[in-house]
Amino acid sequence: MSYLKKVTIKGKELLFPNFFPDATRGVVRSVDSGDLKQVGIEGLVVNTYHLLSHPGSHLLKKFGGIKKFMNWNGWVISDSGGFQVLSMVFKNKKMGRITPKGVTFYLDTLNHRKPYLLTPEKSIQTQFRIGADIMVCLDFFTPPNADELMTKRSVDMTIEWAKRCKEEFLEQLENHHYNQSNRPLLFGVVQGGTNYKERTRCARELIKIGFDGFGLGGWPVNDQGEIDYEFLKVDAQLMPDNKPKYALGIGNPAAIIKAVEMGFNLFDCVLPTRDARHQRLYRFKKDLTEVDLFDYPDNFEFVQIKKEIYKSAFYPIDKNCDCYTCRNYSLAYLHHLFKIRDSLAWRLATIHNLRLYTRLIQFLRGIINEQED
Ligand SMILES: [Zn+2]
């Protein structure tokens, strides 16, 4: 297995594997850019749809992009917004309409609600205004319960929209006078649900169009609603080894370990930050140096901080963790903060959960480097 260790964007190296938390609306809830840097986060994922709704992409452009706006000098990926918009329309047909041209939906801003047509071209134009380092094509995600016809349609549209995104991307590069060394990257997204034939067709067509990286689209899940790793393996094998393989929305630490072993190298997920706010703190069961992670990916457990047993636990969440929270505060204090619902609880819990992810990522980089030396 050959692992891609880095890619150069705008003259800087983006190291793999890497995990970017979701800053959907231009913020990782409850922490700021200083906290994120301190835990070793190197990049964030923002969402085109949510930023369109507020503060609006034109305001971001005036400000010089999302990075300046949120005082972040790390990497930024902008998701296309397709997943949010299509989910909204799939759930309730009154919420909008999907046509080959794009998706019409109601865009809620703070003051009013207006119909908006999101096209592949507009998605790319918006991502340029956001100022992302890695942009993602507007794709047509395959709903989990899609029949064969719907699956085929979603792949047809994904391929068609990917072509239009690429054309618009090239035009924007020219308009903004970018060259090969200072330009952002554009990723295509593989769809097709749990249909091997369609996923294969989608990946092959996207490779023909030509992208800087490829994303795993949708969540291929089995009948129990769990991630079907067989499909991840198929996608990882279909994607070229010399380009980034981005597993969008994945996942918990075990899912990341399994996906890294398959060849994926870029991840984003709401879990560590959302769980932190829901009183679920993460802890490795065994120290990372004591286990073979690829054989034992389930090496993590939850600390349900509001449980009474932590009321007088005068020790940190994880004695092996070097995060700001573990170095300075006890489980008992966190338990107290959650009980009285102080916002500091969210910040300290988020810092810890994100540090667990960056420790894991650093460890995985070490394994990969060792295997190839
Ligand atoms: Zn910690």
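The values are calculated or read from the model by the stated rules, or taken from the named source; none is laboratory data. Here the structure is a predicted model, which means the values were calculated and not measured. For neighbour counting, all protein chains shown are included, and Cβ atoms are generated from backbone atoms with ideal geometry for every residue, glycine included.
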Selection status of Asp295, out of contact with any strand residue (DSSP E or B) (no Cβ under 9 Å at 6 or more places or on another chain) and closer than 27 Å to Asp32 by Cβ: no
Qualifying residues in region 70-101 (those that are surrounded by 14 or more Cβ atoms within 10 Å (Cβ to Cβ) and touching a Lys or Arg at 6+ places or on another chain (Cβ under 9 Å)) - the one farthest from Pro184 (Cα to Cα): Val89
If you go through region 111-119 one residue at a time, do you hit one that is assigned to a helix (DSSP H, G or I), at pLDDT 95 or above and in the same structural domain as Arg183 (by TED's automatic domain parsing)? no
By residue number, the members of region 188-205 that are surrounded by 24 or more Cβ atoms within 10 Å (Cβ to Cβ), out of contact with any strand residue (DSSP E or B) (no Cβ under 8 Å at 6 or more places or on another chain) and either modelled with pLDDT under 95 or not polar (S, T, N, Q) (or both) are Gly192, Gly193
Return a yes/no flag: does region 161-173 have any residue that is closer than 24 Å to Leu44 by Cβ and free of Cβ contacts under 8 Å to residues at least 24 places away in the same chain. yes
Inside region 266-373, counting only strands (runs of 3 or more DSSP E) that do not spill past its ends, which hold 1 or more residues that are under 27 Å from the mean Cα position of the chain (by Cα), aliphatic (A, V, I, L, M) and within 16 Å of the ligand (Cβ to nearest atom)? 280-284, 300-304
Filter result for the condition that a residue is under 20 Å from the mean Cα position of the chain (by Cα) and part of a helix (DSSP H, G or I), over Phe231, Phe214: Phe231
Glu290, sole failed condition from (1) at pLDDT below 95; (2) surrounded by fewer than 20 Cβ atoms within 10 Å (Cβ to Cβ); (3) closer than 21 Å to Phe83 by Cα: (3)
Among (1) of a type in the set (S, T, N, Q); (2) surrounded by fewer than 18 Cβ atoms within 10 Å (Cβ to Cβ); (3) not in a loop (DSSP other than H, G, I, E, B), Thr104 falls short only on (2)
Which numbered condition trips up Phe141, out of (1) surrounded by fewer than 21 Cβ atoms within 10 Å (Cβ to Cβ); (2) modelled with pLDDT under 95? (1)
When every residue in region 337-364 that is touching a residue at least 12 places away in the same chain (Cβ under 8 Å) and over 17 Å from Thr273 (Cβ atoms) is compared, the one surrounded by the most Cβ atoms within 10 Å (Cβ to Cβ) is Leu364
Tell me which residues, restricted to region 234-251, are assigned to a helix (DSSP H, G or I) and of a type in the set (A, V, I, L, M). Val234, Ala236, Leu238
Here are Gly65, Gly102: which of them is under 30 Å from Thr8 (Cβ atoms) and in the same structural domain as Val46 (by TED's automatic domain parsing)? Gly65
Only one of (1) in a helix (DSSP H, G or I); (2) buried (at least 23 other Cβ atoms within 10 Å of the Cβ); (3) under 18 Å from the mean Cα position of the chain (by Cα) does not apply to Val45, and that is (1)
Read through the list (1) in contact with a Gly (Cβ under 7 Å, 6 or more places away or on another chain); (2) among the hydrophobic types (A, V, I, L, M, F, W, C); (3) within 22 Å of Val45 (Cβ to Cβ), then give the number of the only condition that Ala254 fails. (1)
Considering residues that are touching a strand residue (DSSP E or B) at 6+ places or on another chain (Cβ under 7 Å) and among the acidic types (Asp, Glu), the number found within region 117-136 is 1
Would you mind finding the one in Asn299, Asn320, Asn328 that is without any contact (Cβ under 8 Å) to a residue 60 or more places away in the chain, crowded, with 18+ Cβ neighbours inside 10 Å and outside the structural domain of Leu36 (by TED's automatic domain parsing)? Asn299
Filter region 144-187 down to the residues that are in a strand (DSSP E or B) and of a type in the set (A, V, I, L, M), then identify the one that is surrounded by the most Cβ atoms within 10 Å (Cβ to Cβ). Leu186
Can you name every residue in region 208-255 that is among the small types (Gly, Ala, Ser) and farther than 14 Å from Leu186 by Cα? Gly217, Gly218, Gly225, Ala236, Ala247, Gly249, Gly251, Ala254, Ala255
Condition first: touching a residue at least 60 places away in the same chain (Cβ under 8 Å) and buried (at least 21 other Cβ atoms within 10 Å of the Cβ). Can you find one or more residues in region 223-237 that meet it? no
